[in-house]
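Below is one structure, written out as structure tokens; the observations come after it.
Please treat every number below as a calculation from the coordinates, not as lab data. Predicted model, so just to flag it, every value in this text is computed and none were measured. Glycine gets a Cβ as well: all are built from the backbone with ideal geometry, and neighbour counts include every protein chain shown.
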Amino acid sequence: MNAILEMRGITKTFPGVKALDNVNITVKAGEIHALVGENGAGKSTLMKVLSGVYPHGSYSGEIRYDGEERRFSGIADSEKLGIIIIHQELALVPLLSIAENIFLGNEQAKYGVIDWSVAFARTKELLRLVGLKESPDELITNLGVGKQQLVEIAKALSKKVKLLILDEPTASLNEKDSDALLNLLLRFKEQGISSILISHKLNEISKVADFITVLRDGGTVETLDCRAEAVSEDRIIRGMVGRTMEDRYPKREPKIGETIFQVENWSAYHPLHNHVQVVKNVNLNIRRGEIVGIAGLMGAGRTEFAMSLFGRSYGQNISGRVTLHGKEIDVGTVEKAVSNGIAYATEDRKTYGLVLAEDIRKNVTLANLEGVSKRFVIDEIQELAVANDYRAKMRIRSPSVFQETVNLSGGNQQKVVLSKWLFSDPEILILDEPTRGIDVGAKYEIYTIINRLADAGKGVLMISSEMPELLGMCDRIYVMNEGSLIAELDIAEASQEKIMHAIVKSGRR
Amino acid sequence: MDTRTADEIQVPQQKASWTAFVKTHFRDYGMLLSLLVIMLFFQVVTDGTLLRPLNLTNLVLQNSYIVIMALGMLLVIVAGHIDLSVGSIVGFVGGLAAMMMVRWGFDPVTTTIACLIVGGMIGAAQGYWVAYFKVPSFIVTLAGMLVFKGLTLALLGGMSVGPFPVVFQRLSSGFIPDVFGGQGFNYTALFLGAASVAVIIYFSFRSRANQLKHAVETAPFGLFAFKNVLLALLVVAFCYLMATYRGLPNVLVIMAVLIALYAFVTNRTTIGRRIYALGGNEKAAKLSGIKTERLTFLTFVNMGVLAGLAGLIFAARLNTATPKAGLGFELDVIAAVFIGGASATGGVGKVTGAVIGAFVMGVMNNGMSILGIGIDYQQVIKGLVLLAAVSLDVYNRKK
């Protein structure tokens, strides 16, 4: 069979980071091709290059599709040729009907007037193809996530799809829905539709994939052929993580003391669906001077756990006990959590971390204005001194502390967020993806800051999706999956394989 | 924590050049400049009527309540909300004051205090829904606008109620008496003007000295001196003109004190800083331990009190409360804040900007009335000025 898609020598750089480095992938007509790799390995970037989100010219390399070289300048170009991508975050309008969503932007209309009978008839046909029995005028919001996923696929079919790309389609599905979806892919395969499947669930991949391409650190590691004989999960994991640990983490001699922080039986429910338990009976502890990691896949509930702990900023029906230095503390509001010595640096610094329109100075003091004011009046000189001090200590690169944070690079923004929390003088610092979207040099600086904190006797809880980072930085690692802590590994015994195995094992239950 | 003093911390000294400084601070000065240009324009086309002492006094009296409400509206808008009900609150509180004094026999002091409290309670009632129930402020205050417009009518029984005791009228029509006993010239006005100039200059020198000491970017000295001299001249000239008429109106003093207070609160206090953070990024503010709900609630309470005060001043000025009092004021107030450079998405805006914005509207109203332009085209022109001012601001920000 001939190749429907060939991507050759794709290289894509962002300021400071090489996201893709000479990636090659070939997809034959009518096959299911799995794309695996750790978070940040470059899978999503590669698919964005393919679909034209990153237009021709913003990357180097060649895309050949359907026998010709293609230069897409936007998603519309690739969709026209039958390349349809379904993102992890579904792109459906919740309050419109199935039919309206399927033909959104592609309405069955003459002179701008929609012919609803045609639209409904075609929707019915498409829904039958994906195995849905819902009425076309059912609202999306009334469907479960699994069915929404199928509607997305029906929408792709309506556009005469030839190459279907699914980004973590089963991440939020239960087993039954996942199976239905995978069977659908197998049916499409018989009809000659090719698929690229991005997934962390290796058992599913083993089940349906013909080929597996492994990406690591922005490069292609290998392409495995699963048609002749099954490829074991161990084999895939080795490809994903098999890198030698370089000297990317600053050295540190851990001086670990007594247990200072304990969380017991911590549970939280989804803020909208009060029967969905997002955090399940979490028990963890942190010792003085210790850096503790929480590993897990995206959506494992780590951020939800941290935010529910930090002033109930996420979820409802939160229960559990928190003790610091042997005394139970109240973390019911952010203010109380902060004054009791907890700080949480968010994974999403632009949405939750910074007031972007304000300068470095005002952001640094925001969580501890009392520290620079007397009776509600801010001492501007003292505030300036504090801001300048952190700018120097954290090496925030900017002309002055009067620089608006919106103009800073990701690494420098992160340093501002860290400065803000250091100035609140916490005992326990929770860092959620502290190096996301930051270039290698700035990462090293952030690691150094984290080490310094631990050496100063604080406890650090570090959430990261990059396993090497956790292995390089932490003294102990908890593994979280589907809201529960499923393993606790001392750094001496921890490895990426062990973490991955723990996740895969618990996911199969 | 850090124990070093500020001057031990090394920061590269920045040499500010005139052009670079003017460019980066164009928005700060641009507003004041356009107000002066507009005043100059009307001074010329009205053959000098605009700046006559009598007219100048009128200008202050006519705009005081708008300026006072703009102070509260600025905080509401910076916090990311809007308050459409202030015009109706003006009418309602004015009506309440009239009923209390004229019909129910309360004395002016009790009435004033009660009315300010009622204003605050109205603000609290609306702020409660906005802050804790997350009902959009546009809806809540639109409802408030209707409710209090109706309640004003009901309270006054559709009639005008007045006149008020003389003491109460003085709130709007009184002047600071001349302690020096000048004949036809109010020395007190000039003295107060000179004193406030001295205070302003003292503080600006002090803050500049502090800035220089800590190597903060400052305006070039020439510009700094020019700005201060210009400001001093304007204030003294203004007070001189007022002195030749009847002196400084009471309401001008109230207004000036409030402007100074709110400028201080927004620039220098923790609550002011938190309101800006709340409007700039509510989620980040919340995750920084700021009680965003309570803060939103308080900005509405504050708006209510100021709208109540404006209602008292407006009623005192007319010496009667009418069911139609305050109609459409909310639009002037909101326009003033936006002309003054506040952002509709919150987090951006200055007290000085809002005050200047209010006077831009006020001077145009006054000047066009002197010219005899009908109320019809006055509105057209004001609308276009609002659009032009804000578009220019958006354009500047994009660059």
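In a fully extended conformation the segment linking residue A:26 and residue A:238 would gain 74.2 nm over its present Cα-Cα distance, using 0.36 nm per residue.
Taking B:91, B:308, B:157 as the candidate residues, the one with maximal mean-square fluctuation in a Gaussian network model of chain B, Cα springs under 10 Å, is B:157. Once you reduce the stretch B:230-263 and the stretch A:145-188 to the center of their Cα atoms, the two points are 71 Å from each other.
From least to most packed, judged by other beta carbons within 10 angstrom and beginning with the fewest, B:115, A:226 follow the order A:226, B:115. The equivalent ellipsoid of the stretch A:1-119 has semi-axes of 31, 17, 15 Å, largest first, where each one is the square root of 5 times an eigenvalue of the Cα gyration tensor. Across all C-alpha atoms in chain A, the radius of gyration and Dmax reach 24.7, 77 Å. For the peptide A:332-341, the mean number of other protein chain Cβ atoms found within 10 angstrom of a residue's Cβ is 2.
Of the GluC sites (Glu not before Pro) in the stretch A:411-509, the ones in a loop by DSSP (not H, G, I, E or B) with at most 13 other beta carbons within 10 Å are A:493. The calculated FRET efficiency for the pair residue B:387 and residue A:506, based on their C-beta separation and a Förster distance of 60 Å, comes to about 0.50.
Computed from backbone phi with θ = phi - 60° and the Karplus coefficients 6.51, -1.76 and 1.60, the 3J(HN,Hα) list for the stretch A:56-67 is 3, x, 8, 9, 10, x, 10, 10, 10, 9, 6, x Hz; x is used for glycine and proline. Each eigenvalue of the Cα gyration tensor of the stretch A:159-209, multiplied by 5 and square-rooted, gives one semi-axis; in descending order these are 18, 11, 10 Å.
Full extension of the chain between residue B:267 and residue B:187 yields a length gain of 25.5 nm, computed as 0.36 nm times the residue separation minus the alpha carbon distance. Can you give the relative contact order of chain B as a percent, counting alpha carbon pairs under 8 Å and 6+ residues apart? 34 percent. Quick one: if you stick a label point 7 Å off each Cα along the C-beta vector at residue B:173 and residue B:254, how many nm between them? Here the modelled spin labels are 1.5 nm apart. Highest-first packing order for the peptide set B:323-334, A:2-13 is B:323-334, A:2-13, based on the mean count of other beta carbon atoms within 10 Å. Comparing B:389, B:209, B:263 in a Gaussian network model of chain B where C-alpha atoms under 10 Å apart are linked, the largest mean-square fluctuation is found at B:209. Kindly express, to the nearest 10 degrees and within the range 0 to 90, the angle between helix A:116-129's C-alpha long axis and the longest C-alpha principal axis of chain A. Computed tilt is about 80 degrees. Comparing B:319, B:186, B:210 in a Gaussian network model of chain B (Cα springs below 10 Å), the most mobile by mean-square fluctuation is B:210. The helix-based estimate of mean residue ellipticity at 222 nm for chain A, built from -39,500 (n - 2.57) per DSSP H run of four or more residues and divided by its residue count, is -9500 deg cm²/dmol to the nearest 500. Across peptide A:380-388, the average count of Cβ atoms from other chains found within 10 Å of a residue's Cβ is 6. Apply 1/(1 + (r/R0)^6) to the Cβ-Cβ distance of residue B:370 and residue A:351, taking R0 = 56 Å, and write down the FRET efficiency to the nearest 0.05. Efficiency, from the Cβ-Cβ distance: 0.65.
Computed over neighbours whose Cβ is under 14 Å from that of residue B:57, the net charge equals +3, Lys and Arg +1, Asp and Glu -1. In terms of surrounding Cβ atoms within a 10 Å radius of their Cβ, A:116, A:266 rank from fewest to most as A:116, A:266. Partner aspartates and glutamates whose Cα lies under 15 Å from the Cα of residue A:505, excluding those fewer than 8 positions away in the same chain, are identified as A:175, A:204, A:233, A:234, A:482, A:488, A:497. Given q = 0.08, 0.09 Å⁻¹, what are the Debye log10 I(q)/I(0) values for the stretch A:221-380, with equal point scatterers placed on the Cα positions and solvent ignored? Taken in order of the listed q values, log10 I(q)/I(0) reads -0.39, -0.49. Mean separation of Cα pairs under 8 Å and 6 or more residues apart, divided by the residue count, gives the stretch A:190-286 a relative contact order of 17 percent. When only Cα pairs below 8 angstrom with a gap of at least 6 residues are kept, the stretch A:149-209 shows a relative contact order of 42 percent. Beta bridges assigned by DSSP with both partners in the protein assembly as shown are antiparallel in approximately 60 percent of cases. Can you tell me which lysines have their Cα less than 21 Å from the Cα of residue A:189? Leave out same-chain residues fewer than eight positions away. Within the straight-line cut-off, residue A:189 pairs with A:28, A:80, A:147, A:155, A:159, A:160, A:162, A:176, A:201, A:207.
Overall form of the stretch A:345-400: oblate. Here a/c, set by the Cα gyration tensor axes a ≥ b ≥ c, is 1.5 or more, and a/b is not larger than b/c. In a fully extended conformation the segment linking residue A:407 and residue A:89 would gain 111.7 nm over its present Cα-Cα distance, using 0.36 nm per residue. At a Förster radius of 51 Å, what calculated FRET efficiency corresponds to the Cβ-Cβ distance of residue A:255 and residue B:199, to the nearest 0.05? With a Förster radius of 51 Å, E is 0.35. Lysine pairs in the stretch A:316-398 whose alpha-carbon atoms fall under 18 angstrom of each other, counting only those eight or more residues apart or on distinct chains, come to 4. Averaging over all projection directions, the Cα-based convex hull of the protein assembly as shown occupies 44.9 nm² in the image plane. Per residue of peptide A:354-366, the mean number of Cβ atoms on other chains within 10 Å of the residue Cβ is 5.
Stokes-Einstein diffusion for the stretch B:320-399, with the hydrodynamic radius set to the Kirkwood value over Cα pairs and evaluated at 20 °C in a medium of 1.002 mPa s, equals 157 µm²/s.
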